[in-house]
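Beneath this line is the structure, given in structure tokens, with notes to follow.
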Amino acid sequence: VQILCYYLMAANGQRRSRQDDESPSNPNKKRKANKNPEKNLLFNLNSCSKSKDLSAALALYDAAVASNEVRLNQQHFQTLLYLCSASISDPCLQTLAVERGYQIFDRMVTSGLTLNEATVTSVARLASAKGDGDYAFEIVKDFASVGGTSIPRLRTYAPALLCFCERLEAEKGYEVEEHMEAAGIALEEAEISALLKASAATSRENKVYRYLHKLRESVGCVCEETSKVIEDWFCGEKAGEVSSDGIGSDVEMLREAVLRNGGGWHGRGWVGEGKWIVKKGNVSSTGRCLSCNEQLACVDTNEVETQKFVDSLVALAMERKAKMNSSETKVDFSEFQDWLEKHGDYEAIVDGANIGLYQQNFADGGFSLSQLEGVVNELYHKSGDKKWPLILLHKKRVRTLLENPTHRNLVDEWINNGVLYATPPGFNDDWYWLYAAAKLKCLLVTNDEMRDHIFELLSNSFFQKWKERHQVRYTFTKGNLKLEMPPPFSVVIQESEKGSWHVPVASQNNESSRTWMCISRRSVLDSLKINGKLETSENGDSS
């Protein structure tokens, strides 16, 4: 009963407090809600934006303008313009959204308010919906020329680029792309696909070739819409008329270009003559196309990218040396470079610390030399030429192992046979095993995600490609070792020295059921039939 009385008294107290707040003697709370009409308007506009109520937002705006009591600021205009641009996808609202959006933007400019990227993006979208790509591009260029902290992004340029492409104004689309490249903004699949479609529709075969490679560089698997654009081009009359201009006859030159690029493409232009045959089918687990029997490549980084990667690692090591204090023994990274030049006949590099300390976080855990030995022996037996891998391990760790009589003989044997290199104090051993694997273009055995190195060295896309091709992961389950080797082929657009193309299509299913577009000249398919190499051309659906 006492508790019930307490809650009743508390409730009565709260009720009296609310009445006092609303009474003439204490009007502060009510007045506080009304004393800032700008904040009230912004709050109500944001509510309209969340509920996508364009009509209500416009009514609020019109009332604010008519009252002359509200000073409209950048946030008000930005919210209104965003809501207008978000409404253009509704056919019933598109005309209203564009017309009122333009009026609101004119008032914003007249008011002398500063434009930001979000505002410019909204106006560019409105212009694009109106079919005015020129204005959409012009406002972005003007905004970019001003500079400042707010700069254009992909979404800012996209409305103009997509508008030009939709209207088949290809040259204007290329101009937008050039402007984006100068600003350091990369195209994504939607924009590349639009440029590809416009180029195909206007019979610009060299541009089509360029954008196919743009897709190869930027996208793993293409979406269904993009695959349809590609299929339409190769099935069209113009594609069949495109010839190699003599390039296709120089098979050796194309083969060298493919090797130099890391496999999977040559980039030297169209190869062969005649009509194209487009088939949709699958690829085997080993990378064999079941439509034309061609082996797909495991695409590596090209020579220029790899050398840049190697140089970056050396620069990091040298920078570390310069920062070492006088009490540290200065060791030149070039000592390892010279050593690797003399002993560098390795097929695999082993991150010794990562393997030795794997799953050792228990009471009696420590460095497991037996795990490291298991990986080394497995790599030796997997090597076709029976080559030992190279283990990289910190000198302090090596010294500890040598002090243990149980481990001394094995470690000495590794050192004497050039299987183990001890990295010096003051240096990160990551740089050593990364450098060795990149320099020798060989496998790297580690479970390290190497996230610390990605942004210091090169772009994320490069590093992901390099890891996919070179990193070997491992597990120990109840003492049993399992090595996870790199995949036998890359799931990316591939161009062969024969001139054929293979395009993977995005899918929610597993890899074995993924649809691949197999695109070859009829002359190439005929030669394969003559040589008896076309085994399962009927496995895919003909297009």
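Here is the figure for segment 175-200: residues that are within 15 Å of Cys165 (Cα to Cα), assigned to a helix (DSSP H, G or I) and open to solvent by 60 Å² or more (accessible area, probe 1.4 Å) total 4. Exactly one residue among Glu171, Glu166, Glu138 is closer than 30 Å to Arg268 by Cβ and among the acidic types (Asp, Glu), and that residue is Glu171.
Only one of the listed residues (Leu410, Leu393) is in a strand (DSSP E or B) and either more than 42 Å from the chain's Cα centre (by Cα) or of a type outside the set (Val, Ile, Thr) (or both). That residue is Leu393.
Starting from residues that are in a helix (DSSP H, G or I) and of a type in the set (Ser, Thr, Tyr), keep the ones in segment 135-154 and report whichever is least open to solvent (accessible area, probe 1.4 Å). Talk me through it step by step, then tell me what you get.
Going through segment 135-154, the residues in a helix (DSSP H, G or I) turn out to be 135-146, 154.
Those left that are additionally of a type in the set (Ser, Thr, Tyr): 135, 145.
Values: Tyr135: 77, Ser145: 94 Å².
So the residue we want is Tyr135.
In segment 353-363, is there at least one residue being over 36 Å from the mean Cα position of the chain (by Cα), farther than 30 Å from Glu217 by Cβ, at pLDDT below 85 and open to solvent by 80 Å² or more (accessible area, probe 1.4 Å)? Before the answer, list the steps.
In the first step, residues of segment 353-363 are kept if they are over 36 Å from the mean Cα position of the chain (by Cα); the result is 362-363.
Applying the additional criterion that residues be farther than 30 Å from Glu217 by Cβ yields 362-363.
Now narrow it down to the ones that are at pLDDT below 85: 362-363.
Within this subset, residues satisfying the condition of being open to solvent by 80 Å² or more (accessible area, probe 1.4 Å) are 362-363.
Scanning segment 353-363 turns up at least one residue that is over 36 Å from the mean Cα position of the chain (by Cα), farther than 30 Å from Glu217 by Cβ, at pLDDT below 85 and open to solvent by 80 Å² or more (accessible area, probe 1.4 Å).
Just to verify a result, which residue in segment 364-402, among those that are open to solvent by 40 Å² or more (accessible area, probe 1.4 Å) and modelled with pLDDT under 90, is farthest from Ala437 (Cα to Cα)? It comes out as Asp364.
Just to be sure, is Thr156 within 21 Å of Ala57 (Cβ to Cβ) and among the β-branched types (Val, Ile, Thr)? In short, no. Residues of segment 403-427 that are over 28 Å from Leu316 (Cβ atoms) and exposed (fewer than 15 other Cβ atoms within 10 Å of the Cβ): Glu403, Asn404, Pro405, Thr406, Arg408, Asn409, Asp412, Glu413, Asn416, Asn417. Every listed requirement among (1) in a helix (DSSP H, G or I); (2) modelled with pLDDT of 95 or more is met by Arg31 save one, (2). Taking the criterion of being surrounded by fewer than 16 Cβ atoms within 10 Å (Cβ to Cβ), within 20 Å of Ile185 (Cβ to Cβ), free of Cβ contacts under 8 Å to residues at least 24 places away in the same chain and not β-branched (Val, Ile, Thr), would at least one residue in segment 92-112 satisfy it? No, segment 92-112 contains no residue that is surrounded by fewer than 16 Cβ atoms within 10 Å (Cβ to Cβ), within 20 Å of Ile185 (Cβ to Cβ), free of Cβ contacts under 8 Å to residues at least 24 places away in the same chain and not β-branched (Val, Ile, Thr).
Sub-9 Å Cβ pairs linking a first residue in segment 125-149 that is within 14 Å of Leu115 (Cα to Cα) and modelled with pLDDT of 95 or more to a second residue that is open to solvent by 40 Å² or more (accessible area, probe 1.4 Å) and outside any loop (DSSP other than H, G, I, E, B), at least 6 apart or interchain, are Val140/His179; Lys141/His179, ordered by first then second residue. Just to be sure, is Gly287 open to solvent by less than 10 Å² (accessible area, probe 1.4 Å), touching a Ser or Thr at 6+ places or on another chain (Cβ under 9 Å) and at positive phi? It is true that Gly287 is open to solvent by less than 10 Å² (accessible area, probe 1.4 Å), touching a Ser or Thr at 6+ places or on another chain (Cβ under 9 Å) and at positive phi. If you filter segment 157-174 down to residues that are open to solvent by 70 Å² or more (accessible area, probe 1.4 Å) and of a type in the set (Asp, Glu), you find that the one that is farthest from Asp132 (Cα to Cα) is Glu171. Taken together, Glu303, Glu273, Glu294 contain a single residue that is charged (D, E, K, R) and crowded, with 18+ Cβ neighbours inside 10 Å, which is Glu294. If the condition is being basic (Lys, Arg) and not in a helix (DSSP H, G or I), then segment 35-45 contributes only Lys35.
The values are calculated or read from the model by the stated rules, or taken from the named source; none is laboratory data. Predicted model only: the values in this text are computed from it and were never measured. All Cβ positions, even for glycine, are placed from backbone atoms using ideal geometry, and neighbour counts span all protein chains on display. Accessible surface is based on the protein model in full, side chains and every heavy atom, while ligands, DNA and RNA are left aside. Shrake-Rupley method; radii C 1.70, N 1.55, O 1.52, S 1.80 Å.
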